[in-house]
Amino acid sequence: MQMEILAQYFPLFQEAAVLTVKLGLAGIALALLIGVICAAVQHFQVPVLRRIAAIYVEVSRNTPLLVQLFFIYYGLPKIGIPTNPYLCGVVGLAFLGGSYMAEAFRSGLEAVPVIQTESAESLGMNRAQTMRYIIFPQALSVSVPALIANIIFLLKETSVFSAVSIMDLMFTAKDLIGMHYNTTESLFLLVIFYLMILLPVSIAGSILERRLRYAGFGA
Amino acid sequence: MAFLEAEQLFKTFHTANGDVEALKGVSFSVKKGQIYGVIGLSGAGKSTLVRCINLLERPDKGRILLEDHDMTALTDAELRKERQSIGMIFQHFNLLMQRNVLDNVCLPMEIAGISKKDARKKALEYLEAVGLANKAHAFPVQLSGGQKQRVAIARVLAGKPKLILCDEATSALDPETTGTILHLLQEINKKHQITMVVITHEMRVIEELCDEVAVLESGRIVESGLVSKVFNDPQSEAAKRLLLVRQTQDILKGTGE
């Protein structure tokens, strides 16, 4: 492994990492939003919408991201919706992540026992107050480990973005390998950059999990 | 004049396995300042009955009169207001894990519109009253079962209740802790003249705490009256069976020692 090549490639990977993180965060933010909506719709059994949410969750979870990206990238322009690679990446990631986030939120909501609601009502709280002060905080602390796992999973999934010509980390590595055959240096930097993005997320996640003490109810 | 009156309560649950008639015409009345016990084996309808009093469950038929006001006729907003003066204590305490003891007691006061500062001051007074002022900043996980139940009692007291409902309040506690919680409830009843309805399957709770008792079996009250009378001279089969359960336990305890 040659040091000068690493130094030469470093800025390119840096640029790609910034793009990867930006697109990843945008997709994750959208996925969280979709997740909250789907979980709420299913938890409160909103007619019609809950069926749509259930179908979406199954389609999204049971198709690969690569297929979803191709579908968006090549399919949408055919029916007249213009798209670009970045939008395609973000939407694809949100489409995939939304279902995982929905399931994480839903398991949290379902984990809060009915007696917590009764207890809140017996203290004179209305539905909104019960949700805000009693159900939601407890549901969230149950969901946190799953949400963090999903965030890490989605950040890793950004590595298929290169398939729709987004110049992310994976694209950069493949490109450099193709041009100069410096395979070792490129792959080394690729691993290092993914670790630099994901390790802080993992560590912050475990600290958060410990702080939330999500282990019990009705204590 | 009766303080609390239940008139012909009926409640049927429609489940996937068919209808379950939980209450089949239950009536009783409680005088002001009294501790009224309802005893029965599991499945007798006790939990449903106590939830009908503050309308966590709405009875299919019948009325609940609290100080001559019909609870079943209240609007949702009126009912929520009324519930703030009806405290409820549960078997598993139902404290919020993420909040410390003080904040657990403050929450219902803040919801009722009391300022944070006043709520804290009052909460500390009530924690003092249940003997837990030194645990104000502890989290529920750091407390024993008995201490958690004391927090729940302080939280109920903070609502200045005129009626307290106890749903198996001591069933998750060991015998010694049960004794101290019963003693605390009695003290609260004497000091503040708060009426209580106590639901339990333990005879000891009725004996040590209650003035009057009703025996509930399969959704009906089969016997009621002064505790001394019902327990010394049981008329119904259900009451006799409860006594037998207790005697057996006593004998087993005797041979164990």
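The values are calculated or read from the model by the stated rules, or taken from the named source; none is laboratory data. These numbers were taken from a predicted model, which means no experiment stands behind them. Note that each Cβ is placed from the backbone with ideal geometry, even for glycine, and that neighbours are counted across all protein chains shown.
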If we keep only residues of the range A:136-154 that are away from chain B (no Cβ under 11 Å) and among the β-branched types (Val, Ile, Thr), then the residue farthest from the chain's Cα centre (by Cα) is A:144
Need the failing condition index for residue A:157 against (1) among the acidic types (Asp, Glu); (2) under 23 Å from residue A:93 (Cβ atoms); (3) within 14 Å of chain B (Cβ to nearest Cβ), just the number. (3)
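Check A:77, A:47 and return the single one that is more than 14 Å from chain B (Cβ to nearest Cβ), assigned to a helix (DSSP H, G or I) and out of contact with any helix residue (DSSP H, G or I) (no Cβ under 7 Å at 6 or more places or on another chain).
Details: A:47 fails: assigned to a helix (DSSP H, G or I).
The unique qualifying residue is A:77.
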For the range A:96-133, what are the residues that are facing chain B (nearest Cβ under 7 Å), surrounded by fewer than 22 Cβ atoms within 10 Å (Cβ to Cβ) and not acidic (Asp, Glu)? A:115, A:116, A:124, A:126, A:129, A:133
If residue B:119 meets every condition in (1) within 14 Å of chain A (Cβ to nearest Cβ); (2) small (Gly, Ala, Ser); (3) assigned to a loop (DSSP other than H, G, I, E, B) apart from one, which number is that one? (3)
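Can you go through B:136, B:77, B:152 and tell me which one is more than 24 Å from residue A:139 (Cβ to Cβ) and outside the structural domain of residue B:185 (by TED's automatic domain parsing)?
Sole residue among the options that is more than 24 Å from residue A:139 (Cβ to Cβ) and outside the structural domain of residue B:185 (by TED's automatic domain parsing): B:136.
Only one residue in B:167, B:211 is under 21 Å from residue B:67 (Cα atoms), touching a residue at least 12 places away in the same chain (Cβ under 8 Å), of a type in the set (Asp, Glu) and in contact with a strand residue (DSSP E or B) (Cβ under 7 Å, 6 or more places away or on another chain). Which one? Walk me through it before giving the result.
Values: B:167 fails: under 21 Å from residue B:67 (Cα atoms).
On inspection, the qualifying residue turns out to be B:211.
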Can you tell me which of (1) in contact with a strand residue (DSSP E or B) (Cβ under 6 Å, 6 or more places away or on another chain); (2) on the phi > 0 side of the Ramachandran plot is the one residue B:94 doesn't meet? (1)
Looking at (1) within 12 Å of chain A (Cβ to nearest Cβ); (2) under 19 Å from the mean Cα position of the chain (by Cα), which is the one condition that is false for residue B:45? (1)
Determine, yes or no, whether residue A:38 is within 19 Å of residue A:155 (Cβ to Cβ) and in contact with a helix residue (DSSP H, G or I) (Cβ under 6 Å, 6 or more places away or on another chain). no
Please give the number of the condition residue B:99 fails out of (1) assigned to a loop (DSSP other than H, G, I, E, B); (2) at pLDDT 90 or above. (2)
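Of the residues A:166, A:115, A:207, A:152, only one is free of Cβ contacts under 8 Å to residues at least 40 places away in the same chain and of a type in the set (A, V, I, L, M); which? Reasoning before the result, please.
Numbers: A:166 fails: free of Cβ contacts under 8 Å to residues at least 40 places away in the same chain; A:115 fails: free of Cβ contacts under 8 Å to residues at least 40 places away in the same chain; A:152 fails: free of Cβ contacts under 8 Å to residues at least 40 places away in the same chain.
Of A:166, A:115, A:207, A:152, the one residue that is free of Cβ contacts under 8 Å to residues at least 40 places away in the same chain and of a type in the set (A, V, I, L, M) is A:207.
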